[in-house]
2 protein chains.
Amino acid sequence: MIGIFDSGVGGMTVAHAVEALLPQYQITYYGDLARTPYGSKSRETIIEYSIANTEFLLRHGAKIIIIACNSAASVASGILRQKYDVPIFEVITPAVNRAVTATVTGNIGVIGTRATIRSGIYEKKITEQAPGLHVFSKACPLLVPLVEEGWLNARETKMILRKYLTPLKLKQVDTLVLGCTHYPLLKEQILHRFGKKRTTLIDSSVEVALTLQQHLEENPALRESLQRNGENRYFVSDLTSAAVAIAAKIFGRQIDLAKVQS
Amino acid sequence: MIGIFDSGVGGMTVAHAVEALLPQYQITYYGDLARTPYGSKSRETIIEYSIANTEFLLRHGAKIIIIACNSAASVASGILRQKYDVPIFEVITPAVNRAVTATVTGNIGVIGTRATIRSGIYEKKITEQAPGLHVFSKACPLLVPLVEEGWLNARETKMILRKYLTPLKLKQVDTLVLGCTHYPLLKEQILHRFGKKRTTLIDSSVEVALTLQQHLEENPALRESLQRNGENRYFVSDLTSAAVAIAAKIFGRQIDLAKVQS
């Protein structure tokens, strides 16, 4: 079974991408809605929560963990890899690999929550791979609440996107990493701001699914350990009607969320 | 000692108002930043957190509890009053009492988080006291993140305020309850939207401090149990630089936040 965790329901964009690409494997999702969001919290607290979430998924039989939360991936993935034997995937590395090959101008933009941008992880990983590239980062803390308010096409959302994205546009960024799992829901609006023809948007949920697919192709033993023994399951530590609505929007169908203790 | 809890640092507006009015008494504040915000979470989860926060303050010697979080007050104050012997104050009742006497047109507006507005608590309490009054409520989930982003005077904030407040203005509301402890930081901007001369804004932090003052005047035994034995203390379950900045903005001075386990 493939275990996926996120601070909330945004990481369901990852579950949806994995389901679309690898429907033969079983997914167990854990969304820590009782303590969401992680993006505004400290490093220590995010690490503590990430360990708890990983152990929850391992207890449920996960043979692979995907960290579907950028804030958790940026501060906790190294520690989780040290601590646990199972392969640990996260949304950052696959997006970085894709961004490095996609850029023509050499100017890559990254948007995310405060915790993700403050960690400097994208900048570090991109320049490690390709020291000549330039990375321009921008924390966009209002985008998650705007998505959760459902204001995808509101004029206020367009103005806030302009405010956040204009500095990146002025740097002639041609490749923009969506460093938060909520942002793919604003993909059209972001492309509109940047100019569709000139910009490549990197959606980390798609990239991590592709990376996992390749890893499974190369590791038959791991592939066999993943045998499906039931339906995909979606656990949350808190259950709200807003979460049910966002899950339905991401999957395009009703998703049963089961509440468990955080 | 007076114990005050909130989901985050917004409730420090209450601590600040109590300190200004009753400087002779010691305050212990607990901000549950590791699990903030409460406003988007379920009733059950908010009750569980409110009980934990109250017990933390009682262990530290609180003789009075103030629930400085509207979301917690709206769903958990009845349960806390049943469960504990100490007097429990909250930010809703004093604001309701003041709104009922302040209105001339009989049309009262209430703004707050999703959890607070969904609970219907202001409407219920206002119409219990004065069945002839009309209450118009509006959930404003973007205002807390806008305050935390520091965009108090941004054009986007003005537009979002207009979007949220125009329906209330059209109802000829003359009294507006700020049903969230972050909102007093937007007082000027909200008054500008409504017209300063025509509108009374009810700031629940001031109202709860006045109510506590009166209660202490009438209860000498309780007053004596409150003897100060040290400085005011500010505990948080997570420590971030954004929280330190908001606390400094509320108090107009640096506040030492001590991190404790949630």
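Of the numbered conditions (1) of a type in the set (D, E, K, R); (2) more than 25 Å from B:Gly112 (Cβ to Cβ); (3) buried (at least 20 other Cβ atoms within 10 Å of the Cβ), B:Glu207 fails exactly one; give the number of that condition.
(2)
Okay, residues lined up against (1) of a type in the set (A, V, I, L, M, F, W, C); (2) touching a helix residue (DSSP H, G or I) at 6+ places or on another chain (Cβ under 8 Å); (3) within 18 Å of A:Leu22 (Cα to Cα):
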site: A:Gln214; (1), (2), (3): no, no, yes
site: A:Glu218; (1), (2), (3): no, no, yes
site: A:Arg223; (1), (2), (3): no, yes, yes
site: A:Asn229; (1), (2), (3): no, no, yes
site: A:Asn232; (1), (2), (3): no, yes, yes
site: A:Asp238; (1), (2), (3): no, yes, no
site: A:Ile246; (1), (2), (3): yes, yes, no
site: A:Lys249; (1), (2), (3): no, yes, no
site: A:Ala258; (1), (2), (3): yes, no, no
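Quick grid of which residues meet (1) modelled with pLDDT of 95 or more; (2) of a type in the set (A, V, I, L, M, F, W, C):
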site	(1), (2)
A:Asn107	yes, no
A:Arg118	no, no
A:Lys124	yes, no
A:Leu201	yes, yes
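Filter segment A:1-13 for residues that are of a type in the set (A, V, I, L, M, F, W, C) and either touching a Cys at 6+ places or on another chain (Cβ under 9 Å) or within 12 Å of chain B (Cβ to nearest Cβ) (or both) and give the result. Steps first, please.
Applying the first criterion (of a type in the set (A, V, I, L, M, F, W, C)) to segment A:1-13 yields A:1-2, A:4-5, A:9, A:12.
Hits for segment A:1-13 are A:Phe5, A:Val9.
One residue is enough: does segment A:207-223 have a residue meeting the conditions closer than 22 Å to A:Ile88 by Cβ, hydrophobic (A, V, I, L, M, F, W, C), without any contact (Cβ under 8 Å) to a residue 40 or more places away in the chain and away from chain B (no Cβ under 14 Å)? Explain how you work it out, then say what you get.
Applying the first criterion (closer than 22 Å to A:Ile88 by Cβ) to segment A:207-223 yields A:207-223.
From what's left, hydrophobic (A, V, I, L, M, F, W, C): A:208-210, A:212, A:216, A:221-222.
This time we only want the ones that are without any contact (Cβ under 8 Å) to a residue 40 or more places away in the chain, so: A:221.
Narrowing further to those that are away from chain B (no Cβ under 14 Å): A:221.
Yes - at least one qualifying residue is present in segment A:207-223.
Exactly one condition in (1) closer than 26 Å to A:Lys158 by Cα; (2) in the same structural domain as A:Ser71 (by TED's automatic domain parsing) is false for A:Asn219; which is it?
The one condition A:Asn219 does not meet is (1).
Only one of A:Arg228, A:Arg223 is basic (Lys, Arg) and either surrounded by 20 or more Cβ atoms within 10 Å (Cβ to Cβ) or in a loop (DSSP other than H, G, I, E, B) (or both). Can you tell me which? Please lay out each step first, then the result.
Numbers: A:Arg223 fails: either surrounded by 20 or more Cβ atoms within 10 Å (Cβ to Cβ) or in a loop (DSSP other than H, G, I, E, B) (or both).
Testing whether each residue is basic (Lys, Arg) and either surrounded by 20 or more Cβ atoms within 10 Å (Cβ to Cβ) or in a loop (DSSP other than H, G, I, E, B) (or both) leaves just A:Arg228.
What number of residues in segment B:132-186 are at negative phi and within 14 Å of chain A (Cβ to nearest Cβ)? Talk me through it step by step, then tell me what you get.
We begin by selecting, within segment B:132-186, every residue at negative phi; these are B:132-149, B:151-171, B:173-186.
Going one step further and asking which of them are within 14 Å of chain A (Cβ to nearest Cβ), we end up with B:138-149, B:151-166, B:180, B:182.
The total comes to 30.
I'd like to know if segment A:65-76 contains one or more residues that are more than 14 Å from chain B (Cβ to nearest Cβ) and more than 17 Å from the chain's Cα centre (by Cα).
No, the conditions are met nowhere in segment A:65-76.
Only one of A:Gly230, A:Gly195 is over 17 Å from the mean Cα position of the chain (by Cα) and free of Cβ contacts under 8 Å to residues at least 24 places away in the same chain; which? It would help to see each step written out before you state the result.
Values: A:Gly230 fails: free of Cβ contacts under 8 Å to residues at least 24 places away in the same chain.
Testing whether each residue is over 17 Å from the mean Cα position of the chain (by Cα) and free of Cβ contacts under 8 Å to residues at least 24 places away in the same chain leaves just A:Gly195.
Just one of (1) within 18 Å of the chain's Cα centre (by Cα); (2) modelled with pLDDT under 95 trips up A:Ser42, so point out which.
(1)
Examine segment A:239-246 for a residue that is of a type outside the set (Phe, Trp, Tyr) and more than 25 Å from B:Ala115 (Cα to Cα), and state whether such a residue exists.
Here is the first cut: in segment A:239-246, the residues of a type outside the set (Phe, Trp, Tyr) are A:239-246.
Going one step further and asking which of them are more than 25 Å from B:Ala115 (Cα to Cα), we end up with none.
No: zero hits.
Looking at (1) in contact with an Asp or Glu (Cβ under 6 Å, 6 or more places away or on another chain); (2) more than 27 Å from A:Leu33 (Cα to Cα), which is the one condition that is false for B:Ala68?
B:Ala68 satisfies all of (1) in contact with an Asp or Glu (Cβ under 6 Å, 6 or more places away or on another chain); (2) more than 27 Å from A:Leu33 (Cα to Cα) except (2).
Test A:Tyr49 against the criterion of being among the hydroxyl-bearing types (Ser, Thr, Tyr) and either within 25 Å of A:Ala242 (Cβ to Cβ) or touching a Phe, Trp or Tyr at 6+ places or on another chain (Cβ under 8 Å) (or both), and give yes or no.
Details: among the hydroxyl-bearing types (Ser, Thr, Tyr): yes; either within 25 Å of A:Ala242 (Cβ to Cβ) or touching a Phe, Trp or Tyr at 6+ places or on another chain (Cβ under 8 Å) (or both): yes.
Yes, satisfied.
Determine if segment B:237-253 includes at least one residue that is touching a strand residue (DSSP E or B) at 6+ places or on another chain (Cβ under 8 Å), within 14 Å of chain A (Cβ to nearest Cβ) and part of a helix (DSSP H, G or I). First the steps, then the outcome.
Taking segment B:237-253 and keeping what is touching a strand residue (DSSP E or B) at 6+ places or on another chain (Cβ under 8 Å), we get B:237-239, B:243, B:247.
Next, from what is left, pick out any that are within 14 Å of chain A (Cβ to nearest Cβ): B:237-239, B:243.
Pick out the ones that are also part of a helix (DSSP H, G or I) and you get B:243.
Scanning segment B:237-253 turns up at least one residue that is touching a strand residue (DSSP E or B) at 6+ places or on another chain (Cβ under 8 Å), within 14 Å of chain A (Cβ to nearest Cβ) and part of a helix (DSSP H, G or I).
Just to check your reading of the model, which residue among A:Val177, A:Val144 is crowded, with 21+ Cβ neighbours inside 10 Å and closer than 25 Å to A:Val100 by Cβ?
Numbers: A:Val144 fails: closer than 25 Å to A:Val100 by Cβ.
Result: A:Val177 is the single residue among A:Val177, A:Val144 that is crowded, with 21+ Cβ neighbours inside 10 Å and closer than 25 Å to A:Val100 by Cβ.
Condition first: under 17 Å from B:Ile202 (Cα atoms) and not polar (S, T, N, Q). Now tell me which residues in segment B:131-142 satisfy that.
Of all residues in segment B:131-142, those under 17 Å from B:Ile202 (Cα atoms) come to B:133-140.
Passing the criteria: B:Leu133, B:His134, B:Val135, B:Phe136, B:Lys138, B:Ala139, B:Cys140.
For every residue, the table says whether it meets (1) of a type in the set (D, E, K, R); (2) under 17 Å from A:Ala258 (Cα atoms); (3) touching a Leu at 6+ places or on another chain (Cβ under 9 Å); (4) within 9 Å of chain B (Cβ to nearest Cβ).
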| residue | (1), (2), (3), (4) |
| --- | --- |
| A:Glu19 | yes, no, no, no |
| A:Pro23 | no, no, no, no |
| A:Tyr30 | no, yes, yes, no |
| A:Ala34 | no, yes, no, yes |
| A:Tyr38 | no, no, no, no |
| A:Arg43 | yes, no, no, no |
| A:Tyr49 | no, no, no, yes |
| A:Ala52 | no, no, no, no |
| A:Glu55 | yes, no, no, no |
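Please go through segment B:175-199 and pick out each residue that is among the hydroxyl-bearing types (Ser, Thr, Tyr) and at pLDDT 95 or above. I'd like the intermediate steps shown before the answer.
First, pick out the residues of segment B:175-199 that are among the hydroxyl-bearing types (Ser, Thr, Tyr): B:175, B:181, B:183, B:199.
If the condition is that a residue be among the hydroxyl-bearing types (Ser, Thr, Tyr) and at pLDDT 95 or above, then B:Thr175 is the only one that fits.
The values are calculated or read from the model by the stated rules, or taken from the named source; none is laboratory data. Keep in mind that this is a model prediction, so the values were computed, not measured. When we count neighbours, we look across all protein chains shown, and the Cβ atoms used for this are built from the backbone with ideal geometry, even at glycine.
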